[in-house]
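All remarks here apply to the structure that follows.
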Amino acid sequence: MIKKSRKVRDYKALTKALPSQRYVDPESVYIHLQNGRCKTYELNVTPGQHVKLGEVIGTRFGGFFEQPIHATISGVVGEVSKKFHRTGRKVDCVEIRNDFKDTYHESIVDRPDHIIEEFTQDDFVEIVKSKSLVGLGGSGFPTYIKLATKDKIDTVVINAVECEPYLSSDYRLILEHPGRVITGLKYIMQALGTKKGMIAIKSEKDPLYQVLTQVLNVRFPELDVEVVKLGNHYPQGWEIEMFRWALNIDIPHGVLPMKYGVIGFNVSTAAGVFDAVKHNLPVVKRYFTLTGDAIKFPQNYRVRVGASVRELIKLSDGYKDGLDELLVVMGGPMMGTSMTSDDVIVSKTTTSVIILKNVEYKEEPCVRCGSCVYSCPVRIEPVQIMNAVKRNDKEVMKGLEAFKCIECGLCTYVCTSKIHVTDYVRKAKKLIG
Ligand code: SF4
Ligand code: SF4
């Protein structure tokens, strides 16, 4: 039977109704010195040195950009050690031991609104760059590069769809801080000279619709911002799919949305723009979902960047009893990275950690049901790509356009034979470079 499905069970009910809990005073934070985009770094502090919250302690180097590294608490610098990043790799992290004084660096001062109103695109770009803001939905792409576009942007869209199952950190951020998100959008619109804004939410998220429309009407009557409800299917949060539904624009593979007059930012990134511009503050805290059927008390946290997930697990009353083996997923279950260790650190791009009972599924032979083909959002043929990988036939992999895969995980999710089809397509992408 063909299982054509873009619906996935969402499991958000585990956490979305609960207010987020603050966890901003850990004993220590561990600041990632490397990440998925930056392999090298320079650290400008030494063990024993005192640093202030928001102080620049070093620089990360990406392929074509640099990122200042900021202290997310005030305290004393410790040693550099290896910790897991959300990409599943161990990377260098520097410890800062908390002095529990929250002493802000002298540079962290509020800007008056009348100053911000005069800002040009270059001003916004410079601020966002100096605060090292990146796509906080998980992409990690430097925000200043998007903000510096010279393309004419007709519409700025804030992506609040959060279509990955289990995740509800963006949802809580909007409910608890709608003004930060909308003001961030306002600054982005000003930077890009754009008159029209949109906030895209899933159709079912009615509380968000009410909160956002009310705050827009009362506090931002001058803004032309529409809250649009999209479909409730996966991967509705994929930017190209979001633009298709929200604006009826079909953006071809490999073309930047800016070329079509649109640009998208994640909810947390919009709030990050607000913090950077209004308070001159880098990302020192973030909304974070800790959930899964292995956790006694799944919930959202407003957490200090660099905090240990093990500490958060303790705050969530630990693990349920009688579990033999755990599966730790960094990010969403569809697109995230699976690991076996919970010794992970919340980086600024870590949206969530999901901890599940590990259930081994036995793969069975492909029954050629076609479910993966009918479900694929980019309309390629995962099963044929898998067969080409097994034969190591790179020409066929190219011909089948494996490079278009967005690694949404849907082909694995729907597979009748429980085959990890996405892994094969991911491998094909690597093989054809
Ligand atoms: S081939 Fe890629 S894009 Fe298509 S369903 Fe599988 S993971 Fe998603
Ligand atoms: S790989 Fe799975 S979903 Fe795709 S055709 Fe084979 S059995 Fe069906």
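Things to note:
- In this structure, the residue pairs whose Cα-Cα separation is over 26 Å, taken from LYS101/LYS285; LYS229/LYS278; LYS90/LYS390, are LYS229/LYS278; LYS90/LYS390.
- Legend: ranking of residues LYS259, LYS90 from fewest to most surrounding C-beta atoms inside 10 Å; resulting order LYS259, LYS90.
- Label zone at LYS390 (point 7 Å along Cα-to-Cβ), backbone N below 14 Å, segment 349-374: 363-370
- Rounded to the nearest 20 debye, dipole of the chain from Cβ charges on Lys, Arg, Asp, Glu: 1160
- Treating r as the C-beta distance of GLU118 and GLU204 and R0 as 51 Å, the FRET efficiency rounds to 0.80.
- Length gained on full extension, VAL76 to ASN44: 10.2 nm, using 0.36 nm per residue less the C-alpha separation.
- Within straight-line cross-link reach of LYS429, aspartates and glutamates at Cα separation under 17 Å, skipping those fewer than 8 residues along the same chain: GLU381, ASP393, GLU395, GLU401, GLU407
- LYS296-PHE65 FRET efficiency (beta carbon distance; Förster radius 60 Å; 0.05 resolution): 0.90
- The value of relative contact order for the chain, using C-alpha pairs under 8 Å at least six residues apart, is 19 percent.
- Of all complete DSSP H helices in the chain, those with a Cα span along the helix axis of 20 Å or greater and a mean Kyte-Doolittle hydropathy of 0.5 or more are 178-192.
- Nearby aspartates and glutamates by direct alpha-carbon distance to LYS83 (threshold 13 angstrom, same-chain neighbours under 8 apart not counted): ASP92, GLU95, ASP342, ASP343
- Ranking of VAL157, VAL225 by count of other Cβ atoms within 10 Å, fewest first: VAL225, VAL157
- Calculated on alpha-carbon atoms, Rg and Dmax of the chain in Å: 21.7, 65
None of the figures in this text is laboratory data; all of them are computed from the coordinates on show. Values in this document were obtained by computation on a predicted structure and should not be read as measured data. With ideal geometry, Cβ positions are generated from the backbone for all residues, glycine too; neighbour counts draw on all protein chains shown.
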